[in-house]
């Protein structure tokens with residue numbers, strides 16, 4: 001991938017937006033912990049349009065996790081979950097172009113990766129003695145929060161971008 005000023009600027013703006021939206025969610029008590037409604041996660045659908053959303057999401061996640069309750073660990077583990085989800089979402093882009101109905105599947109990598117990985121992280125740091133049951137509960141609550149944000153905010157964003165050919169074309173040609 002060739003680095004250009006536009007691509008780096010896009011990734012930087014996305015990182016700043018992700019961090020800022022997470023901080024706003026955090027002020028409301030919704031960004032960290034077993035129940036998470038990070039408004040910023042809606043931006044994950046951008047990875048379906050351009051691979052340059054991946055570094056933006058990852059850097060934004062690192063910055064957002066500076067305020068996490070498990071701090072340094074969340075910067076590593078949470079960011080790894082975001083990276084994996086974004087790469088998988090980008091991998092779906094070809095399928096979405098060929099079969100438009102599959103756009104409704106775009107949120108699934110983010111929901112599943114965060115439910116499994118962040119659910120395990122929270123369980124490990126809160127209840128090691130009953131890890132499996134704590135992981136199951138945390139995976140369900142994190143996954144539910146991710147699903148709510150991605151389907152209530154992320155899908156309208158994705159559908160709006162797809163309907164705006166000029167804007168989606170700009171993203172695809174970054």
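Within segment 140-155, is even one residue more than 19 Å from residue 35 (Cβ to Cβ), buried (at least 16 other Cβ atoms within 10 Å of the Cβ) and in contact (Cβ under 8 Å) with a residue 24 or more places away in the chain?
Checked segment 140-155: at least one residue is more than 19 Å from residue 35 (Cβ to Cβ), buried (at least 16 other Cβ atoms within 10 Å of the Cβ) and in contact (Cβ under 8 Å) with a residue 24 or more places away in the chain.
Check residue 11 against each of (1) closer than 21 Å to residue 155 by Cβ; (2) in a helix (DSSP H, G or I); (3) in contact with a helix residue (DSSP H, G or I) (Cβ under 9 Å, 6 or more places away or on another chain); (4) free of Cβ contacts under 8 Å to residues at least 60 places away in the same chain and name the one condition it does not meet.
It is condition (1) that residue 11 fails.
Criterion first (under 19 Å from residue 83 (Cβ atoms) and surrounded by 13 or more Cβ atoms within 10 Å (Cβ to Cβ)) does residue 137 satisfy it? Full working, then the answer.
Numbers: under 19 Å from residue 83 (Cβ atoms): no; surrounded by 13 or more Cβ atoms within 10 Å (Cβ to Cβ): yes.
Here the answer is no, as residue 137 does not meet what is asked.
Kindly indicate whether residue 61 is crowded, with 24+ Cβ neighbours inside 10 Å and within 27 Å of residue 131 (Cα to Cα). Walk me through it before giving the result.
Details: crowded, with 24+ Cβ neighbours inside 10 Å: yes; within 27 Å of residue 131 (Cα to Cα): yes.
In short, yes.
So which of 39, 27 ends up being closer than 14 Å to residue 153 by Cβ and either at pLDDT below 95 or surrounded by fewer than 23 Cβ atoms within 10 Å (Cβ to Cβ) (or both)? Before you say what the answer is, go through the steps one by one.
Values: 27 fails: closer than 14 Å to residue 153 by Cβ.
Going through 39, 27 in turn, the sole match is 39.
From the list 88, 83, 158, which one is touching a residue at least 60 places away in the same chain (Cβ under 8 Å), under 19 Å from residue 38 (Cβ atoms), part of a helix (DSSP H, G or I) and in contact with a helix residue (DSSP H, G or I) (Cβ under 6 Å, 6 or more places away or on another chain)? I'd like the intermediate steps shown before the answer.
Numbers: 88 fails: touching a residue at least 60 places away in the same chain (Cβ under 8 Å); 83 fails: touching a residue at least 60 places away in the same chain (Cβ under 8 Å).
After ruling out the rest, the residue left standing is 158.
Looking only at residues that are in contact with a helix residue (DSSP H, G or I) (Cβ under 8 Å, 6 or more places away or on another chain) and assigned to a helix (DSSP H, G or I) in segment 92-104, which one is modelled with the highest pLDDT? Lay out the reasoning, then the answer.
Here is the first cut: in segment 92-104, the residues in contact with a helix residue (DSSP H, G or I) (Cβ under 8 Å, 6 or more places away or on another chain) are 92-93, 95-96, 100, 102-104.
Okay, now just the ones that are also assigned to a helix (DSSP H, G or I), so 93, 95-96, 100, 102-104.
Numbers: 93: 91, 95: 91, 96: 88, 100: 86, 102: 91, 103: 93, 104: 96.
Selected residue: 104.
Got a number for residues in segment 48-73 being assigned to a loop (DSSP other than H, G, I, E, B) and over 19 Å from residue 123 (Cα atoms)? So that I can check it myself, show each step before the final result.
We begin by selecting, within segment 48-73, every residue assigned to a loop (DSSP other than H, G, I, E, B); these are 49-52, 68-70.
Restricting the remaining residues to those that are over 19 Å from residue 123 (Cα atoms) gives 49-52.
Total meeting the criteria: 4.
Based on this model, can you work out whether residue 55 counts as touching a helix residue (DSSP H, G or I) at 6+ places or on another chain (Cβ under 6 Å), touching a residue at least 40 places away in the same chain (Cβ under 8 Å) and farther than 17 Å from residue 79 by Cβ?
On the way: touching a helix residue (DSSP H, G or I) at 6+ places or on another chain (Cβ under 6 Å): yes; touching a residue at least 40 places away in the same chain (Cβ under 8 Å): yes; farther than 17 Å from residue 79 by Cβ: no.
In short, no.
Do the conditions hold for residue 26, that is, is it more than 26 Å from residue 171 (Cβ to Cβ) and assigned to a helix (DSSP H, G or I)?
Details: more than 26 Å from residue 171 (Cβ to Cβ): yes; assigned to a helix (DSSP H, G or I): yes.
Yes.
Looking at 51, 55, 107, 100 in this structure, which one is loosely packed, with under 15 Cβ neighbours inside 10 Å and either touching a strand residue (DSSP E or B) at 6+ places or on another chain (Cβ under 7 Å) or at negative phi (or both)?
100
The values are calculated or read from the model by the stated rules, or taken from the named source; none is laboratory data. Since the structure is predicted, the reported quantities are computational estimates derived from the model, not experimental observations. Cβ sites come from the backbone with ideal geometry, for glycine too, and all protein chains shown count toward neighbours.
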